[in-house]
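Here's the structure, in C-alpha cells; my notes come after.
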Amino acid sequence: MDALTPQDATRYWLSHRTRNDLFLLYCFTDAGRSLADLRAVVAERSARIPDLTVRVRERRFAYPVWVWGSAGDRVVDHTVSGSTWEEVVAALGGLLGGGVRADECPWRVHLFRGVTGAPGGEDPALVVVLQVSHALADGQRAAGIARALFSESDSSWPVDNGRGAGAPRRLAGLYSGSADRGESCGGWVFPGAERVAGLVVQARVVGEELFSIMSFPVRLVRTVVRGLAAARARRALAELTERSAVPPPAASLPATMLNRSPEPTSHIVRMLVRDDLRVPGYTVTVVALTAIGAALDRYLAQRGEPAELSAQVSMAVPARNKHSRNNYRDLAVELHGAERDPRRRAERIAADLESRRVRSGHPLTAVGGRVTDVLPAPVLRRDIATYPIDQVPDTLTGHTVVSSVNRGPADLTFGSAPVRFTAGFPALGTVMHLTHGIHGLGSTITVSIHADPEVIPDIDVYAALLNTTLTETVDALSRVPADE
C-alpha cells in the first residue's frame, strides 16, 4: 500500500466538498457491438491497467492509502433509441454534476450508443465518457489511462506509481495459487488465503497509524522549519523580481460576472471540433487563448460588463514525488482581449505565458510546496475541511480556466470502432463559472466550453463567438506579415 501524497490527498478531500472529477470524452464510430460486448471489453481492459484496480482507504491519523479493489461493473449505459448528438451534449451537463467515490472505485465509464449527427463522420457514433477521480490522476495521467483502456496494445500503460497498491492482491494470490491478474499459477490452494491477507494488511495499517501518531511532533517541527525557509524564499524571490532577474507575478484583476457565488447547481457544455488550430510558430494553447480572449471580451461587452480578463492555465511539472499522481501547476496569463490585432495579442499572450513559466520554474518558487509535503495528515485534512471555498475574492489572477492536453495520435479503438475526436471539461466552482478544455487527438483539436447556465444562459451565443474568433485567429496567424 502506498499513501496518497499531500497533493493527491488534497484533491481527494476536496471531492467531499465540491465536484472535481475529470471527464474525458472520446467519440468513436459505432461498430454496432452489443452492450454486453462493450461491458466485456471494459472489464477485460481495465483489469490489466493498474490505475483502474485500486481504490482509496481512509485512515484516521495517516494519509489515505491506495489499496487493491475489484472494480466490478463500472459501465453506465445512457443509450436511448434514436439519440442525437444534441441530446448527448445536453445529457453531459447532468453527468458533470456528479462525482465518483474514490473510496469505492475512483472511475466510471458512461456510454451513449448509436448517436446520430456527431461531428467527424456520417455514420452513427459511440460516445464514451471516462470519469476519473482527481485523486487518481491529473489531466496527463488520465489521458494515459484512457489510451490504455482504448488501445489494443498492452504496452500502452506501464505499471502505476503506487507500487504498493497491489500488495494485498499479490499476497492473496501467493496463498491461493492465483497470479496478480487472476491467472492460475498452480500449486496448493490455502483455504484461508483471503483471511491471512486481510490480517497482514490490517496489521500494517495499525502499524502505520501508530507511526503517524508518534511522528506527529516531528512532522510539525519540519513544517515550521520549512515554513521559515519558504518565508525566506519569498523575500529572496521578491528581491530578484525587483532587480528584474525574475519575471514579475501575474497582476490581480477585479472579479467579473464569471466569478460570483454561489457554486453552480447545473452544468452545460458545448464542443467545437476543429482540424485547423495548429499554426506554425504558435502552440495550440496560445492559439486557443488568443481566440478565447477575443471571444470573452466581445461576450462581456454585449452583456454590458466589459472587463480585463486573465486565464488560469495548467502546466505540467516534474513530479516531486514518484508516487504523486497530480503533477501540474496553474499559471495566470492575461488574455489581452482589448488588443484588436490577433497577431499582437498572440505574441503578448505567448510572452506572458513564457514569463509565468520562467517564474514558476525558478527554484525559489518550489520551496513553498515543500511545506505541504511534510504537513501531518490531520492538519491538512482540517485545513481543507474549513477552507472557505464558497467565498470569491475581490481580485483574481484568473477569471476562467483553460486546460490544454494533447492526448496523442488518433489510433484508439473501442469495440472495434475507430476514434474520431476527444474532449474534456475542467470543473466549475464558486469562483469559476466558465472553463475551457483544449484537447488534441491526431489532427483534430476540440475546444470545449463548460459553463454554469445561471451565469452563461446563452451559451450558444458565446460558442458562436468563440468559433468565429478561432477562425479569425487562425487566419491572422497564418498570414505572412507584409514586412517579412
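Any read-out appearing in this document is the output of simple, stated calculations on the displayed coordinates, not a laboratory observation. Keep in mind it's a predicted model, so treat the numbers as computed, not measured. Backbone-built Cβ (ideal geometry, glycine too); neighbour counts: all protein chains shown.
Projected label points at residue 202 and residue 468, each 7 Å from Cα along the beta carbon direction, are separated by 6.7 nanometres.
Spacing of the modelled spin labels on residue 354 and residue 278, each 7 Å from Cα toward Cβ, amounts to 2.2 nm. Averaged over residues, the count of other Cβ atoms within 10 Å places the peptides 256-262, 59-65 in the sequence 59-65, 256-262, highest first. Taking a point 7 angstrom from the Cα of residue 301 along the C-beta vector, which residues in segment 337-355 have backbone N less than 12 Å away? What the label zone holds, given the 12 Å backbone N cut-off, is 337-341. In summary, the chain shows an alpha-carbon radius of gyration equal to 1.03 times the 2.2 N^0.38 Å reference for compact globular proteins. Across the options 79, 372, 199, the greatest Cα extent toward the positive end of the charge dipole of the chain (unit charges at beta carbon of Lys, Arg, Asp, Glu) belongs to 199. Each label was represented as a point 7 Å from its Cα along the Cα-to-Cβ direction; for residue 122 and residue 383 these points are 5.9 nm apart.
Histogrammed with a bin width of 5 Å, the alpha carbon distances of segment 217-478 distribute as 1, 6, 11, 15, 17, 16, 13, 10, 7, 3, 1, 0, 0 percent, first bin at zero. Just to confirm the filter: which GluC sites (Glu not before Pro) across segment 66-140 are DSSP coil and have at most 16 other Cβ within 10 angstrom of their Cβ? Counting only loop positions with at most 16 other Cβ atoms within 10 Å, the GluC sites (Glu not before Pro) in segment 66-140 are 104, 122. For the pair residue 81 and residue 152, the difference between a 0.36 nm per residue extended length and the Cα-Cα distance amounts to 22.7 nm. Ordering 139, 153, 70 by the projection of their Cα atoms onto the charge dipole of the chain, which places +1 on the Cβ of Lys and Arg and -1 on the Cβ of Asp and Glu, puts 70 at the extreme positive end.
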